[in-house]
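These notes are about the structure you will find just below.
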Amino acid sequence: AQSVSQHNHHVILSEAASLELGCNYSYGGTVNLFWYVQYPGQHLQLLLKYFSGDPLVKGIKGFEAEFIKSKFSFNLRKPSVQWSDTAEYFCAVNGVTGTASKLTFGTGTRLQVTL
Amino acid sequence: DSGVTQTPKHLITATGQRVTLRCSPRSGDLSVYWYQQSLDQGLQFLIQYYNGEERAKGNILERFSAQQFPDLHSELNLSSLELGDSALYFCASSPRGAGGPLNEQFFGPGTRLTVL
């Protein structure tokens, strides 16, 4: 079974501060990894994804994430957050089974950026 | 806009009732997924269909069922509704059924179900 842990439940940062949100997963095989963002009242939007290759993945809006296989981690980073980044962030893992696919989500991290 | 549409946007009903949520995938996508987002359970995978056939099942209650039709749209049926079924129900679609770069999931706007 696959699982995802997000250790930070609620993060408050000032604008221009740097961000790092932790994500650890558990799965014995090949995984695809994702970060989604959910702005208040909106649906999930994909920030970035990792399938294979370069473990440093760049996504939209200046976000990036690093896949560290030895640590089963896929932490999300942004050098300088903006007020508009206030949202909930979900890490997700997709264990590759060959014929089926499902995303297992972490519990989410609520990011609040203050002016 | 992801290209995935869901109707209705909001649904308010009473305990014991039955509702149907509808999802239209992106053009060309063969796989449809249903997820439930609630305050106490978070985001949970319910079920996946691929080209009309069930492919994977998650924590879906027996009171819930889904199907994917020949035109690839999908419906999620929720019956004998309980207060705890109140949640946001998301549908997602992807080109194929398995993992990999060709199988990124695109999410719809969701249906907010309120059971009174």
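Bear in mind that the values in this text are calculations on the coordinates, not laboratory data. Just so it is clear, the model here is predicted, and its values are computed rather than measured. Methodologically, a virtual Cβ is constructed for each residue, glycine included, from the backbone with ideal geometry; neighbour enumeration extends over all protein chains shown.
One table, with the values for the structure above:
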item	result
Residues of the stretch A:55-77 satisfying the condition of being touching a residue at least 12 places away in the same chain (Cβ under 8 Å), in a strand (DSSP E or B) and of a type in the set (Lys, Arg)	A:77
Residue A:61 vs. criteria among the basic types (Lys, Arg), touching a helix residue (DSSP H, G or I) at 6+ places or on another chain (Cβ under 8 Å) and surrounded by 17 or more Cβ atoms within 10 Å (Cβ to Cβ)	no
Which listed residue, of A:80, A:52, A:18, is small (Gly, Ala, Ser) and free of Cβ contacts under 8 Å to residues at least 40 places away in the same chain	A:52
Matching entry among B:74, B:31 (being of a type in the set (Gly, Ala, Ser) and more than 10 Å from chain A (Cβ to nearest Cβ))	B:74
Filtered residues of the stretch A:28-44 (kept if more than 24 Å from residue A:115 (Cα to Cα), within 11 Å of another protein chain (Cβ to nearest Cβ) and surrounded by fewer than 19 Cβ atoms within 10 Å (Cβ to Cβ))	A:29, A:30
Enumerated strands (runs of 3 or more DSSP E) restricted to the stretch B:49-116, each holding at least 2 residues that are in contact (Cβ under 8 Å) with a residue 12 or more places away in the chain and among the small types (Gly, Ala, Ser)	B:64-68, B:87-94
Residue in the stretch A:52-74 that is within 17 Å of residue A:109 (Cα to Cα), within 14 Å of chain B (Cβ to nearest Cβ) and touching a strand residue (DSSP E or B) at 6+ places or on another chain (Cβ under 7 Å) present	no
Of all residues in the stretch A:80-114 being assigned to a loop (DSSP other than H, G, I, E, B) and touching an Asp or Glu at 6+ places or on another chain (Cβ under 9 Å), the one that is nearest to residue B:40 (Cα to Cα)	A:108
Scope the stretch A:47-102; condition charged (D, E, K, R) and over 15 Å from residue A:25 (Cβ atoms); matching residues	A:54, A:58, A:61, A:64, A:77, A:78, A:85, A:88
Residue tally, condition in contact with a Ser or Thr (Cβ under 6 Å, 6 or more places away or on another chain) and not charged (D, E, K, R), over the stretch B:50-63	1
Residues (closer than 18 Å to residue B:43 by Cα and not in a strand (DSSP E or B)) located in the stretch A:1-26	A:1, A:2, A:6, A:7, A:8, A:9, A:22, A:23
